[in-house]
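K.L.:
Below is the structure I would like to discuss, written out as structure tokens.
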Amino acid sequence: MVCRPRTVNRRLLATTILILVPLFAFADAPCVNYGSYLHWLGTADLNDWSYDLDVEGSYAYAAHYGRLYIADISAPDSPQFIYNTLNDSHGVDARGDRLFTAGYESDLRIYDVTYPPAPIVIGSLALPDNSYYVTVDGHYAYLSAERRFHIVDISDEANPMLVSTLPIPNNAWKAVIKDEYAYLASSGSGLLIVSIADHANPEIVGTFGRTEPTGAIALREPYIYLSAFGDGVAIIDVADPSDPVLVGSIPTFPADGSVYSVTVIETLAYVHCFPDDGAPSVRVYDITNPVAAASIGGISPGGPVVDAGGFACVGAPMELRTLATANPASPPILGGINLGSGAADDVYLGESHAYAAAWSNGLVVIDFSVPESPVIAGSYDTPGEAQGVVVQDDLAYVADGPSGLAIIDVSSPATPTLVGSLDTFDAKGVVVSGPYAYIADGWGQFKVVQVSDPTAPVLVGTSVGIPYVAAVEIFGPYVVASEVYEGRLCVMDVSVPSQPHVAGFLYAAGLRDFAVNGPILYAADQNEGLRVYDLTDPLHPTLVRTLPTPDLPDGVSLDGQTLYIAGGYMGIQAYDVVDPFAPRLIGSADTPGRSRRVDVGGDYAFVTHQIYGLKILPAHCVDPAGVSGNVWDGASSSLLVYPNPVTGAIRLSFVLPIGSTVELAIFDAGGRLIQDLTGGWSGPGEHRVVWEGRDDAGRRVSSGVYQARLRYGGHSERRTFVLLR
């Protein structure tokens, strides 16, 4: 997402602020702390999926394609695998300092895990069938095997003994044991309730028939929560084990997909869902009323969930993840709007309107003055496929795919009007600086278009040697471009508009979107996740850090010291970039379907979707206790000025440790006052202001070096920045 300033209204931590300039009046804001909601804590990589997962104390045990993995989770934000071996494990159950595993050939093994980095086999038992899962209760192990249910006496751990075998109609998942009953989910048979009062003679005493597939189950008396794949979660009353009764369900299909497992932690059901066309997720339901479950949250990627005491472990694809569950809800979706049959590809936020590039529906203008009920204020059906948009001085510049650049007057949101266009070739993205628009033109390469007369845009330059350009962003006097065919991050010298050329580059395939702050470039990389580049020397860009993301990222947006990234089924993630070279994951927000691009403006986060149009969420609130330094240089201060250099409006952000009288003003290089922005009393917390590049008389100021000055109490700060016209 193009990173550029806009007017921001925010109140943080019950803060109020009196502004003397009406343009910058603050109002109550709906921001939330993303970190207080459901979010990932840490990740440890696996080679593939986990078949089974269990937690005991500070350790997680995973069975995975015949391997046994042990992870130290004593530090939930950085789980570490400390042991793995090829030992034919398919199912695991941990009890104290003992670990029990089931496998195709090894069947049952008993480990001493007093020292988890070096487990010791102390007992084993070969059985006549392939074994899949094991559950231990007291002195017995219960194994789900090939159309068999085995009961094994483990009172002598060195010599476990088979007590009985019960034939079952089909293979079963891991058994849930309670009192004198074993509950089994059997694909093709449904729920089987087995009496184990006499271990030597188990018998099926109750069934809930189901011919469709099933998955792992959970028990919260008197209900069994059965994973019913495409039918969601079946809620079955088993108060009378001989007569189980279906009393309700949790529908998950098609929105969230088929259900593979259910875990119940107190009054919450964690449901592992897998849509037909996307990534798995964990959906959370409040089951205080067990027959009327209420959806409260969700997060991707998904997998089996295990309670780890204060947090949870998730056997996600290719990894073990730790999940914060203190508040299992997701940040709320305030509002949303369907933009028609076409997907929303990009969004740009103004003061009270958002501008969406809505593919086949062209440019759509959304009035979000009431964010809970956004409405389409107007639209213009461009001839091509609207894929990117920026707005400047009441003109929307739309990258319209095969139709090139469209320039649309949006001064009247109800009646957007085309004022100019230019067939470039295949416009994918656009940014504007001064009299020029810079186009990511797909196979048409990188183009420079003069737009000083928007009614007659003129192509003035085309790059040479970068075959396919997918994304562009302004970087001071340069333009950063993503070249896809050869996989490069290109820094374009546009000082001579008729001769744009690559001044510096770095091999980096998969870059889809950029956000710029000072010499730092954040990129959404569809191959690697979030990437951080140092462009202090623009001719020699340097990759500083790569952070993996839960799904393939498509868009980034920087708002003050918070960076947002969106894409795939991960919704949006928020990162703290107070240390700009080491983004720290704060939390995430779940959104329906596949997210694509994100743009954030103080109060609100706007997310585009392939199917669901546009969603509006509250932005992340910055904790003033965590603010220390300028976004890009880490200096010990509270005044942030970004981006720098700037081509239009500039954002200013400051955090007050206590309430105080505040002065904030802009000065030129000679120390002359240009505009007085704020004055009066401000409460503690974060405050934001936008300077539109004008003086106190409302006149646009020229290019040059300027300074922002903040004063409160006995504190004074200054920040120098460059304005380019």
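K.L.:
Name the residues whose placed amide hydrogens come within less than 5 Å of the amide hydrogen of Ser258, ignoring near sequence neighbours (fewer than 5 apart) on the same chain.
P.N.:
Result for Ser258 returns Phe274, Asp276.
K.L.:
Find how many whole Å separate the alpha carbon centroid of segment 71-98 from the alpha carbon centroid of segment 104-158.
P.N.:
Going from one Cα centre to the other spans 16 Å.
K.L.:
Could you let me know the centre-to-centre spacing of segment 210-273 and segment 309-361, using Cα atoms, in angstrom?
P.N.:
Cα centroid of segment 210-273 versus Cα centroid of segment 309-361: 26 Å apart.
K.L.:
Each residue of segment 187-194 in order: what ³J(HN,Hα) in whole Hz does its phi give by Karplus 6.51 cos²θ - 1.76 cosθ + 1.60, θ = phi - 60°, with x for Gly and Pro?
P.N.:
Per residue, the Karplus-derived 3J(HN,Hα) values read 4, x, 10, x, 8, 10, 10, 10 Hz.
K.L.:
For percent of Cα pairs over 42 Å apart, the choices are (i) 43; (ii) 54; (iii) 36; which was calculated from the structure?
P.N.:
So the calculated entry is the one marked (iii).
K.L.:
Further question on the same structure: Highest mean first, what order results for 470-481, 161-172 on Cβ atoms within 10 Å? The partial results should precede the final answer.
P.N.:
On the way: 470-481: 23.4, 161-172: 16.6.
The packing order, highest mean first, is 470-481, 161-172.
K.L.:
Within straight cross-link reach of Lys428, meaning Cα distance under 14 Å, which aspartates and glutamates are found once same-chain residues fewer than 8 apart are removed?
P.N.:
Asp345, Asp346, Glu385, Asp400, Asp441, Glu473, Glu483, Asp513, Asp554
K.L.:
Here's something else I'd like to know. Highest mean first, how do 239-249, 525-535, 508-518, 108-118 rank when packing is the count of other Cβ atoms within 10 Å averaged over residues?
P.N.:
Peptide ranking by packing, descending: 508-518, 525-535, 108-118, 239-249.
K.L.:
Summarise the accessible area of segment 481-620 (1.4 Å probe, protein heavy atoms) by the percent that is carbon and sulfur. Don't skip to the end; give the middle numbers.
P.N.:
Working: 2010 of 4050 Å².
Of all accessible area on segment 481-620, carbon and sulfur atoms account for 50 percent.
K.L.:
Continuing with this model, one more query. Using θ = phi - 60° and the Karplus curve 6.51 cos²θ - 1.76 cosθ + 1.60, what whole-Hz ³J(HN,Hα) does each residue of segment 594-600 get, with Gly and Pro shown as x?
P.N.:
These are the phi-based 3J(HN,Hα) values: 8, 7, 10, 10, 9, 9, 10 Hz.
K.L.:
What is the set of long-range amide H partners of Ile82 at a cut-off below 5 Å, with H atoms built 1.01 Å from backbone N?
P.N.:
When sequence neighbours closer than 5 places are left aside, the close amide H contacts are Ile70, Ala71, Asp72.
K.L.:
Also, quick follow-up: Evaluate the charge dipole of the chain about its Cα centre and quote only its size in Debye, nearest 20, assuming +1 on the Cβ of each Lys and Arg and -1 on the Cβ of each Asp and Glu. Mind showing how you got there, number by number?
P.N.:
Details: 38 positive and 79 negative charges, 441 e Å.
Computed about the Cα centre, the dipole is about 2120 debye.
K.L.:
Rounded, prolate or oblate, given the Cα gyration tensor of segment 479-601, with a/c below 1.5 counting as rounded? Each step should come with its number before you reach the end.
P.N.:
On the way: a/c = 2.01, a/b = 1.63, b/c = 1.23.
Prolate shape, in that a/c is at least 1.5 and a/b is the bigger ratio.
K.L.:
How much of the accessible area of segment 204-319, in percent, comes from carbon and sulfur atoms when a 1.4 Å probe is used? Please list the in-between numbers first.
P.N.:
Details: 2210 of 4180 Å².
Ligands and nucleic acids excluded, carbon and sulfur reach 53 percent.
K.L.:
May I ask you to list the lysines whose Cα is less than 21 Å away from that of Lys615, ignoring any residue fewer than eight positions away on the same chain?
P.N.:
Partners within reach: none.
K.L.:
Have a look at segment 681-725 and give its Rg and Dmax from the Cα atoms, expressed in angstrom.
P.N.:
In order Rg, Dmax, the Cα atoms of segment 681-725 give 13.1, 35 Å.
K.L.:
Moving on. How large is ³J(HN,Hα), in whole Hz, for each residue of segment 313-327 in order, when computed from phi with the Karplus curve 6.51 cos²θ - 1.76 cosθ + 1.60 and θ = phi - 60°, using x for Gly and Pro?
P.N.:
10, 10, x, 7, x, 6, 6, 9, 10, 9, 10, 6, 10, 4, 10
K.L.:
Would you please give the residues with an amide H less than 5 Å from that of Gly420, counting only those at least 5 places away or on a separate chain, with H modeled from the backbone geometry?
P.N.:
Ile407
K.L.:
Give the peptides 64-70, 435-441 in descending order of average Cβ contacts within 10 Å, highest first.
P.N.:
Numbers: 64-70: 19.9, 435-441: 25.0.
Result, highest mean first: 435-441, 64-70.
K.L.:
Over the chain, average the accessible area per residue using a 1.4 Å probe and give it in Å², no decimals.
P.N.:
Averaged over the residues of the chain, the accessible area is 36 Å².
K.L.:
How many angstrom lie between the Cα centre of segment 404-455 and the Cα centre of segment 463-526?
P.N.:
18
The values are calculated or read from the model by the stated rules, or taken from the named source; none is laboratory data. All values derive from a computational prediction rather than experimental measurement. Cβ atoms come from the backbone with ideal geometry, glycine included; neighbour counts cover every protein chain shown. Surface accessibility is based on the protein's heavy atoms, side chains included, excluding ligands, DNA and RNA. Shrake-Rupley method; radii C 1.70, N 1.55, O 1.52, S 1.80 Å.
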